[in-house]
Amino acid sequence: MSPLLDDSGSVRARKLSLPGVMLCAVASVNILATVAALRRAMTVANFGDCVLFTDSAHEIATPGIRVVTIEPIVSSAAYSQFVLRDLVDHVTLQHCMLVQWDGYPTHPKLWEDAFLECDYIGAPWPQFSDGHNVGNGGFSLRSRNLMEACRAPGMTIGHPEDVMIGRVNRSALEKRGLRFAETTLAARFSCERSGNLHMSFGFHGVFHMVDVLGVHQFLKLYESLDERTSVWRDLTTIIRELRAGGASWTIGPRMWCDRIRAYWPGKNTLMQRRD
């Protein structure tokens, strides 16, 4: 099966027009991969704004991406704090599309205007069956109204940020009139641990990225990563996908060696939320 993106990282369809949506990412690690995700999202749609929030000294030489300097995101909990409490101060449009290096839109033809009728939409969580299963925040669309409500008195600000929104605070947010996507609509917006990559507008999860990028582009991206925790979590699946795509048998031992070195005593890395 051919990758969803061509060799330039562009999607294979006409771009959308989303002037009321701000595309953004928040990162202190994997900056090059995060910029690549923003660039790929920008081939899907023309957004009203595109912002990378970072403390990185990397030169971001990509037209259309504004860089806003923030304090270092030194933990996954710090990421959640910023997204729940501070991000809304920078959002001037009606909606914010949040992406990460391993989750972004890929299928402009599968866009639905119904997505914008929701205050929050992300890939459904298959592990919950109580109706509060929407959803993953790594690639998500949220209204500014919801973002403002998330830091109102009485709301819990904790970690992970998407669980705070989609489960801990959901009932309180709904009482304020905020709307969460139904499971079926959320599955058409994004897939993660459930759903169909080829039937969703976008995705979240590094375990999908060999299919999205192809073997060569995935390995190029892998080499650019300075923080690979999410890769290690699904390493067996990723190696299987790489081998199925034609990668050499040596890729498995090589990546397992990388994992061992990453956890060698004395090695410290910044940790950022990836799930």
Inset, instruction - Working only within region 145-161, note down all residues that are free of Cβ contacts under 8 Å to residues at least 60 places away in the same chain and in contact with an Asp or Glu (Cβ under 9 Å, 6 or more places away or on another chain). - result: Asn145, Leu146, Ala149
Inset, instruction - Take region 16-33 and flag every residue that is part of a helix (DSSP H, G or I) and in contact with a Leu (Cβ under 7 Å, 6 or more places away or on another chain). - result: Ala33
Inset, instruction - Using the structure shown, decide if Ala25 is out of contact with any strand residue (DSSP E or B) (no Cβ under 6 Å at 6 or more places or on another chain) and at pLDDT 95 or above. - result: no
Inset, instruction - Would you point out the residue of region 93-139, among those that are polar (S, T, N, Q) and in contact with a helix residue (DSSP H, G or I) (Cβ under 7 Å, 6 or more places away or on another chain), that is farthest from Ala41 (Cα to Cα)? - result: Asn133
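Specify the residue that is modelled with the lowest pLDDT; the eligible residues are those in region 44-78 that are among the hydroxyl-bearing types (Ser, Thr, Tyr) and either over 23 Å from Ser190 (Cβ atoms) or in contact with a helix residue (DSSP H, G or I) (Cβ under 7 Å, 6 or more places away or on another chain) (or both).
Thr62
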Legend entry - Cβ-Cβ under 9 Å pairs, at least 6 apart or on other chains, region 97-118 side under 18 Å from Val134 (Cβ atoms), far side among the acidic types (Asp, Glu) and surrounded by fewer than 22 Cβ atoms within 10 Å (Cβ to Cβ): Cys118/Glu182
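The values are calculated or read from the model by the stated rules, or taken from the named source; none is laboratory data. Keep in mind it's a predicted model, so treat the numbers as computed, not measured. Note: ideal-geometry Cβ built from the backbone for every residue, glycine included; neighbour counts use all protein chains shown.
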